[in-house]
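Below: one structure, written as structure tokens.
The values are calculated or read from the model by the stated rules, or taken from the named source; none is laboratory data. Computed from a predicted structure; not experimentally measured. Cβ: placed from backbone, ideal geometry, glycine included. Neighbour counts: every protein chain shown.
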Amino acid sequence: MNTRKSSTILYFIAILIVLIILPFVVRDIQFQHVLIMIMLFATLSQAWNILGGYAGQVSFGHACFFGIGAYGSLALLNNWGLTPWAGMLIGGIVSVGLAILIGFPVFKLKGHYFAISTLAIAEVIRELFSSWKWVDGTIGLDAPVLEPSFYHLMFYKTKVPYHFTVLGFFVAMTLITYWIERSRMGYYFRAIKQSPDAAEGIGVNTPRYKLYALMISAFFTAICGSVYAQYILHIEPSTVMSVDISIKIVLVAVLGGAGTIWGPLLGAMILIPLSEYSRIWLGGTGMGIDLIIFGALILLISIFQPAGIVGMLRRFTQKNEE
């Protein structure tokens with residue numbers, strides 16, 4: 001086992017231990033909420049990272065997969081009485097189906113044309129849900145009041161079960177990304193990111209592997225949407241399918257370091273507390289201060305260190321070694 005691989009595993013174990021202990025050490029409800037949101041967006045950005053960070057296909061439309069997952073959970077619970085876990089799986093499968101459906105046409109586009117097309121598709125999906133009576137359109141859905149349990153994925157007096165649910169998905173997504181990064185698929189993704197033509201030249205089926213990246217990314221984004229719906233217990237298209245969700249997912253990954261294992265977590269540790277606490281301190285939506293800070297951070301990172309926080313840390317480490 002090489003030094004870099006062993007260090008990654010040790011860091012991961014240390015972070016995991018801290019995340020397991022924290023909800024029992026810090027009992028403040030708001031802190032626990034912020035911690036849950038950090039892990040949720042770290043998971044979301046890690047899912048986006050497979051497509052945007054490793055395969056180089058920058059999508060601004062992941063809110064549609066997030067929203068499908070959210071509606072898959074609550075709509076099926078409300079209308080058919082299905083456990084949220086079943087709704088979560090169905091939402092993930094539907095998102096994969098949508099990814100396949102839109103993948104073939106949008107991957108013919110390149111660069112900013114691809115990014116704009118994903119944004120447009122997400123807006124179309126949002127409008128469809130806004131006028132769909134089965135999911136109560138723009139009014140949205142409220143979760144029914146059920147007995148608190150993991151089966152119903154509902155808890156009213158404590159956030160700790162939500163914490164460990166989100167932690168489980170965060171760990172799973174990180175391990176999957178770690179495996180992909182070191183697999184043949186991961187090498188193909190990076191080859192496509194560097195040069196699709198060169199990747200084709202060495203025998204990589206670029207349309208197929210782009211589609212694989214989108215399918216994996218869509219599935220886990222939908223899973224996160226389902227967990228989020230069960231956590232806040234009310235959803236509507238303007239919130240779970242908003243452009244803000246898509247942008248925040250991208251910003252977290254880019255700030256931390258797209259195309260890296262630790263980037264999404266580092267980005268979430270900075271951006272999510274800024275977003276949550278600015279709303280608390282300033283009231284309402286934070287008067288847009290969080291978005292101003294997001295923009296400033298991304299601007300600084302883009303100018304001085306495009307590789308994000310992970311790139312800055314690597315640069316600092318290399319200087320110290322020299």
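Which one is farthest from A268 (Cα to Cα) among residues in the stretch 146-189 that are of a type in the set (V, I, T) and surrounded by 16 or more Cβ atoms within 10 Å (Cβ to Cβ)?
This residue is I180.
When the residues of the stretch 222-267 are narrowed to those that are in a helix (DSSP H, G or I) and among the polar types (S, T, N, Q), which ends up farthest from W134 (Cα to Cα)?
S246
In the stretch 129-140, is there at least one residue being buried (at least 19 other Cβ atoms within 10 Å of the Cβ), assigned to a helix (DSSP H, G or I) and in contact (Cβ under 8 Å) with a residue 60 or more places away in the chain?
Yes.
Among the residues of the stretch 151-162, what is the count of those that are within 20 Å of A86 (Cα to Cα) and of a type outside the set (A, V, I, L, M, F, W, C)? So that I can check it myself, show each step before the final result.
So in the stretch 151-162, the residues within 20 Å of A86 (Cα to Cα) come out as 151-155, 161-162.
Filter once more, so that each one left must be of a type outside the set (A, V, I, L, M, F, W, C): 151-152, 161-162.
Residues in the stretch 151-162 being within 20 Å of A86 (Cα to Cα) and of a type outside the set (A, V, I, L, M, F, W, C): 4 in total.
Name the residue, out of I50, I9, that is at pLDDT below 95, within 19 Å of I261 (Cα to Cα) and not small (G, A, S).
When all the criteria are applied, what remains is I9.
Go through the residues of the stretch 53-60 one by one and say whether even a single one is over 26 Å from F12 (Cβ atoms), of a type in the set (A, V, I, L, M) and surrounded by 24 or more Cβ atoms within 10 Å (Cβ to Cβ).
Checking the stretch 53-60: not a single residue is over 26 Å from F12 (Cβ atoms), of a type in the set (A, V, I, L, M) and surrounded by 24 or more Cβ atoms within 10 Å (Cβ to Cβ).
If I216 meets every condition in (1) farther than 30 Å from I29 by Cα; (2) exposed (fewer than 15 other Cβ atoms within 10 Å of the Cβ) apart from one, which number is that one?
(2)
Okay, residues lined up against (1) farther than 29 Å from Q194 by Cβ; (2) modelled with pLDDT under 95:
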site	(1), (2)
C224	no, no
S242	yes, yes
V250	no, yes
G263	no, yes
W281	yes, yes
L291	yes, yes
L297	no, yes
L300	no, yes
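If the Cβ limit is 6 Å and pairs must be 6+ apart or interchain, which residue in the stretch 113-127 that is within 20 Å of G69 (Cβ to Cβ) and among the aromatic types (F, W, Y) pairs with which residue that is assigned to a helix (DSSP H, G or I) and at pLDDT 95 or above?
Pairs that qualify, where the first residue is within 20 Å of G69 (Cβ to Cβ) and among the aromatic types (F, W, Y) and the partner is assigned to a helix (DSSP H, G or I) and at pLDDT 95 or above: there are none.
Listed here are the residues, each with its yes/no results for (1) touching a residue at least 12 places away in the same chain (Cβ under 8 Å); (2) of a type in the set (V, I, T); (3) more than 25 Å from I93 (Cβ to Cβ); (4) surrounded by 18 or more Cβ atoms within 10 Å (Cβ to Cβ).
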{"site": "D197", "(1), (2), (3), (4)": "no, no, yes, no"}
{"site": "V227", "(1), (2), (3), (4)": "yes, yes, no, yes"}
{"site": "E236", "(1), (2), (3), (4)": "yes, no, no, yes"}
{"site": "I247", "(1), (2), (3), (4)": "yes, yes, yes, no"}
{"site": "G256", "(1), (2), (3), (4)": "yes, no, yes, yes"}
{"site": "G259", "(1), (2), (3), (4)": "yes, no, yes, yes"}
{"site": "L266", "(1), (2), (3), (4)": "yes, no, yes, yes"}
{"site": "S275", "(1), (2), (3), (4)": "yes, no, yes, yes"}
{"site": "I293", "(1), (2), (3), (4)": "yes, yes, yes, no"}
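Sort out which residues of the stretch 79-105 are at pLDDT below 95, within 30 Å of Y151 (Cβ to Cβ) and assigned to a helix (DSSP H, G or I), and write them in order of number.
Matches in the stretch 79-105: N79, W80.
Of these, S59, S6, which one is among the hydroxyl-bearing types (S, T, Y) and under 30 Å from S195 (Cβ atoms)?
Working: S6 fails: under 30 Å from S195 (Cβ atoms).
Just a single option satisfies the conditions, and that option is S59.
Condition first: surrounded by fewer than 24 Cβ atoms within 10 Å (Cβ to Cβ) and either at pLDDT below 95 or touching a Cys at 6+ places or on another chain (Cβ under 7 Å) (or both). Now tell me which residues in the stretch 35-47 satisfy that.
Residue satisfying the conditions is L40 alone.
Answer yes or no: is there a residue in the stretch 175-183 that is more than 23 Å from the chain's Cα centre (by Cα), more than 30 Å from Q32 (Cβ to Cβ) and free of Cβ contacts under 8 Å to residues at least 12 places away in the same chain.
no
I need a count of the residues in the stretch 73-94 that are surrounded by 17 or more Cβ atoms within 10 Å (Cβ to Cβ) and within 16 Å of M215 (Cβ to Cβ).
Adding up the residues that qualify gives 5.
Considering only residues of the stretch 182-203 that are of a type in the set (S, T, N, Q) and in a loop (DSSP other than H, G, I, E, B), which is nearest to K5 (Cα to Cα)? Working first, answer last.
Keep residues of the stretch 182-203 that are of a type in the set (S, T, N, Q), which gives 183, 194-195.
Cutting the leftovers down to in a loop (DSSP other than H, G, I, E, B) gives us 183, 195.
Details: S183: 14, S195: 27 Å.
For the stretch 182-203, the residue satisfying everything is S183.
Specify which of the listed residues (L119, L109) is more than 21 Å from the chain's Cα centre (by Cα) and either acidic (D, E) or surrounded by 13 or more Cβ atoms within 10 Å (Cβ to Cβ) (or both).
Exactly one of L119, L109 is more than 21 Å from the chain's Cα centre (by Cα) and either acidic (D, E) or surrounded by 13 or more Cβ atoms within 10 Å (Cβ to Cβ) (or both), namely L109.
Quick one: would you say M154 is within 30 Å of I15 (Cβ to Cβ) and modelled with pLDDT under 95?
When the stated conditions are applied, M154 passes them.
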